[in-house]
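Notes follow the structure.
The values are calculated or read from the model by the stated rules, or taken from the named source; none is laboratory data. These figures come from a predicted structure and were not determined experimentally. Methodologically, a virtual Cβ is constructed for each residue, glycine included, from the backbone with ideal geometry; neighbour enumeration extends over all protein chains shown.
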Amino acid sequence: MCWFRALNLACCAPRISPLQQDTAAPCEPSPNPPVEAPAALDINGEDTLETLGPGHGAVTMRLMVAAHGRADDEVRKCLAAGVDDFQHLGTAALLPHDILESIRERTAAGRLYWTPTVGVAINYAHLRPNSEMLDDPAWQRGLPQPIVADVEQSLAAFESLYERLSFLTAHDESMYRQKFWQLIGTGVELLVGTDSGNPGHFHTFGLWVELDTWVNRFGVDPMEAIRRVTSLPAQVMQVDRDYGTVEQGKYADIVAVRGDPLRHIDVLREPVLVMKHGRRVK
(Lines give C-alpha, C1' and ligand atoms only; values in the text may rest on other atoms or scores of the structure.)
Protein backbone atom coordinates (compact mmCIF):
# COMPACT_ATOMS: atom_id res chain seq x y z
CA MET A 1 0.00 0.00 0.00
CA CYS A 2 1.26 3.48 -0.83
CA TRP A 3 -0.13 6.74 0.45
CA PHE A 4 0.56 10.45 0.30
CA ARG A 5 0.88 12.69 3.33
CA ALA A 6 1.39 16.42 3.66
CA LEU A 7 2.78 17.97 6.79
CA ASN A 8 1.95 21.58 7.57
CA LEU A 9 2.72 22.89 11.04
CA ALA A 10 2.06 26.25 12.61
CA CYS A 11 2.76 26.62 16.35
CA CYS A 12 2.69 29.21 19.10
CA ALA A 13 5.22 28.26 21.75
CA PRO A 14 8.27 29.41 23.69
CA ARG A 15 11.53 29.15 21.79
CA ILE A 16 15.04 28.81 23.16
CA SER A 17 16.44 32.29 23.67
CA PRO A 18 20.04 33.30 24.40
CA LEU A 19 19.18 33.52 28.12
CA GLN A 20 17.08 30.35 28.07
CA GLN A 21 13.99 32.41 28.85
CA ASP A 22 10.59 31.73 27.36
CA THR A 23 9.94 33.99 24.41
CA ALA A 24 6.66 33.81 22.63
CA ALA A 25 6.85 32.87 18.99
CA PRO A 26 4.42 34.67 16.69
CA CYS A 27 1.41 32.58 15.83
CA GLU A 28 0.69 32.81 12.15
CA PRO A 29 -2.05 30.94 10.35
CA SER A 30 -0.83 28.24 8.03
CA PRO A 31 -1.12 29.43 4.41
CA ASN A 32 -2.33 26.02 3.30
CA PRO A 33 -4.64 23.62 5.14
CA PRO A 34 -3.23 20.21 6.08
CA VAL A 35 -3.65 17.68 3.31
CA GLU A 36 -3.84 13.94 3.60
CA ALA A 37 -4.84 12.21 0.41
CA PRO A 38 -4.35 8.43 0.57
CA ALA A 39 -3.86 6.46 -2.61
CA ALA A 40 -4.06 2.72 -2.00
CA LEU A 41 -2.18 0.14 -4.04
CA ASP A 42 -3.42 -3.44 -4.11
CA ILE A 43 -0.13 -5.29 -4.35
CA ASN A 44 -1.86 -8.66 -4.59
CA GLY A 45 -3.93 -7.68 -7.59
CA GLU A 46 -3.19 -6.41 -11.06
CA ASP A 47 -2.88 -2.77 -10.05
CA THR A 48 0.22 -0.78 -10.87
CA LEU A 49 1.23 2.53 -9.38
CA GLU A 50 1.77 5.35 -11.81
CA THR A 51 5.21 6.92 -11.82
CA LEU A 52 5.53 9.96 -9.59
CA GLY A 53 6.60 12.26 -12.40
CA PRO A 54 6.58 16.08 -12.45
CA GLY A 55 2.86 16.25 -13.23
CA HIS A 56 1.73 13.89 -10.48
CA GLY A 57 -0.47 15.45 -7.80
CA ALA A 58 1.86 14.43 -4.99
CA VAL A 59 4.76 16.11 -6.76
CA THR A 60 2.91 19.30 -7.67
CA MET A 61 1.74 19.60 -4.05
CA ARG A 62 5.32 18.89 -2.90
CA LEU A 63 4.24 15.90 -0.82
CA MET A 64 6.56 13.12 0.19
CA VAL A 65 5.23 9.68 -0.66
CA ALA A 66 5.57 6.82 1.82
CA ALA A 67 4.98 3.12 1.21
CA HIS A 68 4.79 -0.08 3.20
CA GLY A 69 7.97 -2.11 2.75
CA ARG A 70 7.17 -5.52 4.21
CA ALA A 71 6.57 -7.53 1.03
CA ASP A 72 9.02 -7.75 -1.87
CA ASP A 73 6.30 -7.14 -4.46
CA GLU A 74 5.18 -3.88 -2.87
CA VAL A 75 8.79 -2.74 -2.53
CA ARG A 76 9.44 -3.39 -6.24
CA LYS A 77 6.30 -1.56 -7.37
CA CYS A 78 6.80 1.41 -5.10
CA LEU A 79 10.49 1.72 -5.95
CA ALA A 80 9.56 1.81 -9.63
CA ALA A 81 6.94 4.47 -8.87
CA GLY A 82 9.49 6.67 -7.11
CA VAL A 83 8.31 6.74 -3.48
CA ASP A 84 10.38 8.70 -0.95
CA ASP A 85 10.14 6.52 2.15
CA PHE A 86 9.41 2.91 3.04
CA GLN A 87 7.93 1.94 6.39
CA HIS A 88 8.42 -1.42 8.15
CA LEU A 89 10.74 -4.26 7.23
CA GLY A 90 9.48 -7.74 6.34
CA THR A 91 10.51 -10.57 8.64
CA ALA A 92 10.36 -13.54 6.25
CA ALA A 93 13.67 -13.36 4.35
CA LEU A 94 16.57 -11.19 3.30
CA LEU A 95 16.09 -8.63 0.56
CA PRO A 96 16.69 -10.21 -2.86
CA HIS A 97 19.44 -9.05 -5.18
CA ASP A 98 17.19 -7.20 -7.63
CA ILE A 99 15.66 -5.06 -4.87
CA LEU A 100 19.07 -4.27 -3.39
CA GLU A 101 20.29 -3.15 -6.82
CA SER A 102 17.19 -1.00 -7.35
CA ILE A 103 17.70 0.65 -3.97
CA ARG A 104 21.35 1.35 -4.77
CA GLU A 105 20.30 2.98 -8.04
CA ARG A 106 17.88 5.22 -6.14
CA THR A 107 20.36 6.21 -3.45
CA ALA A 108 23.00 6.95 -6.09
CA ALA A 109 20.60 9.44 -7.66
CA GLY A 110 19.22 10.96 -4.45
CA ARG A 111 17.96 10.23 -0.97
CA LEU A 112 15.69 7.32 -0.13
CA TYR A 113 14.39 6.91 3.41
CA TRP A 114 13.35 3.77 5.25
CA THR A 115 11.60 3.56 8.64
CA PRO A 116 12.04 -0.14 9.48
CA THR A 117 10.12 -0.37 12.82
CA VAL A 118 12.17 -3.42 13.86
CA GLY A 119 11.51 -3.17 17.60
CA VAL A 120 7.98 -4.52 17.37
CA ALA A 121 9.12 -7.54 15.35
CA ILE A 122 11.88 -8.39 17.83
CA ASN A 123 9.63 -7.78 20.83
CA TYR A 124 6.87 -10.06 19.53
CA ALA A 125 9.35 -12.94 19.53
CA HIS A 126 9.84 -12.42 23.27
CA LEU A 127 6.25 -11.61 24.24
CA ARG A 128 4.87 -15.04 23.46
CA PRO A 129 6.88 -16.95 26.08
CA ASN A 130 6.76 -14.03 28.53
CA SER A 131 4.18 -11.28 28.13
CA GLU A 132 4.75 -9.80 31.59
CA MET A 133 5.62 -6.36 30.19
CA LEU A 134 2.02 -6.04 29.02
CA ASP A 135 1.00 -5.92 32.69
CA ASP A 136 2.63 -2.51 33.06
CA PRO A 137 -0.31 -0.16 33.84
CA ALA A 138 1.45 2.78 32.14
CA TRP A 139 -0.49 2.17 28.91
CA GLN A 140 -3.72 2.95 30.79
CA ARG A 141 -2.77 6.56 31.53
CA GLY A 142 -5.29 8.99 30.14
CA LEU A 143 -7.66 6.34 28.82
CA PRO A 144 -11.30 6.10 29.94
CA GLN A 145 -12.23 2.93 31.80
CA PRO A 146 -14.32 1.40 28.97
CA ILE A 147 -11.29 1.50 26.65
CA VAL A 148 -9.02 0.09 29.36
CA ALA A 149 -11.47 -2.77 29.89
CA ASP A 150 -11.66 -3.43 26.16
CA VAL A 151 -7.88 -3.58 25.82
CA GLU A 152 -7.56 -5.84 28.86
CA GLN A 153 -10.09 -8.20 27.30
CA SER A 154 -8.07 -8.38 24.10
CA LEU A 155 -4.84 -8.96 26.04
CA ALA A 156 -6.45 -11.93 27.76
CA ALA A 157 -6.62 -13.54 24.31
CA PHE A 158 -3.12 -12.44 23.28
CA GLU A 159 -1.91 -16.01 22.80
CA SER A 160 -4.48 -16.70 20.10
CA LEU A 161 -3.96 -13.24 18.64
CA TYR A 162 -0.25 -13.93 18.39
CA GLU A 163 -0.88 -16.54 15.70
CA ARG A 164 -2.26 -13.79 13.47
CA LEU A 165 0.81 -11.66 14.18
CA SER A 166 3.30 -14.27 13.02
CA PHE A 167 4.14 -12.36 9.85
CA LEU A 168 5.12 -9.36 12.01
CA THR A 169 7.42 -11.44 14.22
CA ALA A 170 11.18 -11.79 13.78
CA HIS A 171 11.40 -15.55 14.25
CA ASP A 172 15.04 -15.49 13.05
CA GLU A 173 16.69 -12.58 14.81
CA SER A 174 20.08 -13.16 13.18
CA MET A 175 18.59 -13.00 9.69
CA TYR A 176 16.53 -9.95 10.60
CA ARG A 177 19.62 -8.16 11.90
CA GLN A 178 21.39 -8.97 8.65
CA LYS A 179 18.45 -7.59 6.66
CA PHE A 180 18.61 -4.36 8.64
CA TRP A 181 22.28 -4.02 7.73
CA GLN A 182 21.47 -4.86 4.12
CA LEU A 183 19.52 -1.62 4.01
CA ILE A 184 22.36 0.36 5.55
CA GLY A 185 24.72 -1.08 2.95
CA THR A 186 22.58 0.29 0.11
CA GLY A 187 22.93 3.89 1.29
CA VAL A 188 19.34 4.24 2.50
CA GLU A 189 18.76 6.85 5.20
CA LEU A 190 17.13 5.00 8.12
CA LEU A 191 14.63 6.76 10.38
CA VAL A 192 13.36 5.61 13.78
CA GLY A 193 9.67 4.70 13.96
CA THR A 194 7.75 2.43 16.31
CA ASP A 195 4.59 1.05 14.65
CA SER A 196 2.99 1.50 18.09
CA GLY A 197 -0.67 0.63 18.19
CA ASN A 198 -0.18 -2.92 16.99
CA PRO A 199 -1.61 -5.46 19.46
CA GLY A 200 0.56 -5.62 22.55
CA HIS A 201 2.87 -2.85 21.31
CA PHE A 202 1.89 0.16 23.37
CA HIS A 203 2.97 3.74 22.78
CA THR A 204 4.35 3.88 26.33
CA PHE A 205 7.25 1.57 25.46
CA GLY A 206 7.34 1.51 21.65
CA LEU A 207 10.09 4.11 21.26
CA TRP A 208 12.57 2.78 23.79
CA VAL A 209 12.02 -0.78 22.55
CA GLU A 210 12.87 0.45 19.04
CA LEU A 211 16.00 2.25 20.19
CA ASP A 212 17.04 -0.73 22.34
CA THR A 213 16.72 -2.98 19.29
CA TRP A 214 18.78 -0.66 17.10
CA VAL A 215 21.58 -0.29 19.65
CA ASN A 216 21.73 -3.43 21.78
CA ARG A 217 20.57 -6.04 19.29
CA PHE A 218 21.57 -4.62 15.91
CA GLY A 219 24.74 -2.77 16.90
CA VAL A 220 23.92 0.79 15.83
CA ASP A 221 25.97 3.53 17.49
CA PRO A 222 23.78 5.14 20.21
CA MET A 223 24.37 8.71 19.03
CA GLU A 224 23.51 7.71 15.49
CA ALA A 225 20.27 6.11 16.69
CA ILE A 226 19.37 9.25 18.66
CA ARG A 227 20.12 11.43 15.64
CA ARG A 228 17.76 9.34 13.56
CA VAL A 229 14.92 9.88 16.03
CA THR A 230 15.48 13.63 16.42
CA SER A 231 17.36 15.84 13.96
CA LEU A 232 17.08 13.71 10.81
CA PRO A 233 13.28 13.24 10.99
CA ALA A 234 12.93 16.99 11.51
CA GLN A 235 14.92 17.56 8.33
CA VAL A 236 12.83 15.02 6.40
CA MET A 237 9.60 16.69 7.53
CA GLN A 238 11.11 20.08 6.71
CA VAL A 239 10.58 21.43 10.22
CA ASP A 240 14.26 21.49 11.24
CA ARG A 241 14.15 25.29 11.44
CA ASP A 242 12.10 24.84 14.62
CA TYR A 243 12.69 21.27 15.81
CA GLY A 244 15.17 18.41 15.98
CA THR A 245 18.10 19.89 17.90
CA VAL A 246 18.61 22.05 20.98
CA GLU A 247 19.62 25.39 19.53
CA GLN A 248 18.92 29.06 20.04
CA GLY A 249 15.69 30.03 18.29
CA LYS A 250 14.19 26.54 18.16
CA TYR A 251 11.28 25.23 20.21
CA ALA A 252 12.50 23.79 23.50
CA ASP A 253 11.44 20.13 23.21
CA ILE A 254 13.74 18.38 25.70
CA VAL A 255 13.88 15.19 27.75
CA ALA A 256 16.31 14.56 30.60
CA VAL A 257 17.23 11.14 32.00
CA ARG A 258 19.31 9.75 34.82
CA GLY A 259 22.40 8.20 33.33
CA ASP A 260 24.14 8.30 29.98
CA PRO A 261 22.09 7.06 26.99
CA LEU A 262 25.30 6.78 24.98
CA ARG A 263 26.30 3.96 27.35
CA HIS A 264 22.87 2.63 28.31
CA ILE A 265 20.26 3.54 25.71
CA ASP A 266 17.46 2.06 27.81
CA VAL A 267 17.66 4.95 30.33
CA LEU A 268 15.46 6.77 27.79
CA ARG A 269 12.66 4.55 29.07
CA GLU A 270 12.27 6.70 32.18
CA PRO A 271 12.73 10.42 31.47
CA VAL A 272 12.78 12.45 34.67
CA LEU A 273 12.01 15.69 32.86
CA VAL A 274 9.99 16.33 29.72
CA MET A 275 9.74 19.82 28.26
CA LYS A 276 7.39 20.53 25.36
CA HIS A 277 7.63 23.88 23.62
CA GLY A 278 9.50 25.32 26.57
CA ARG A 279 7.02 24.23 29.22
CA ARG A 280 7.68 21.39 31.63
CA VAL A 281 5.06 18.66 31.35
CA LYS A 282 6.83 16.12 33.58
Go through region 96-130 residue by residue and tally those that are under 20 Å from the mean Cα position of the chain (by Cα) and in a loop (DSSP other than H, G, I, E, B). 4
Do we have any residue at all in region 163-170 that's closer than 27 Å to Thr107 by Cβ, modelled with pLDDT of 90 or more and polar (S, T, N, Q)? no
Being part of a strand (DSSP E or B) and surrounded by fewer than 19 Cβ atoms within 10 Å (Cβ to Cβ) narrows it down to one residue among Val239, Val255, Val246; which is it? Val255
Among all residue pairs at least 6 apart or on different chains, which show Cβ distances below 6 Å where the first residue, located in region 158-174, is touching a residue at least 60 places away in the same chain (Cβ under 8 Å) and the second is not in a helix (DSSP H, G or I)? Ala170/Thr91
Scope region 175-218; condition under 25 Å from Glu101 (Cα atoms), crowded, with 16+ Cβ neighbours inside 10 Å and without any contact (Cβ under 8 Å) to a residue 60 or more places away in the chain; matching residues: Arg177
In this structure, does Asp150 turn out to be within 18 Å of the chain's Cα centre (by Cα), of a type in the set (D, E, K, R) and part of a helix (DSSP H, G or I)? no
Kindly indicate whether Gly45 is over 23 Å from Glu173 (Cβ atoms), modelled with pLDDT under 90 and in contact with a Gly (Cβ under 9 Å, 6 or more places away or on another chain). no
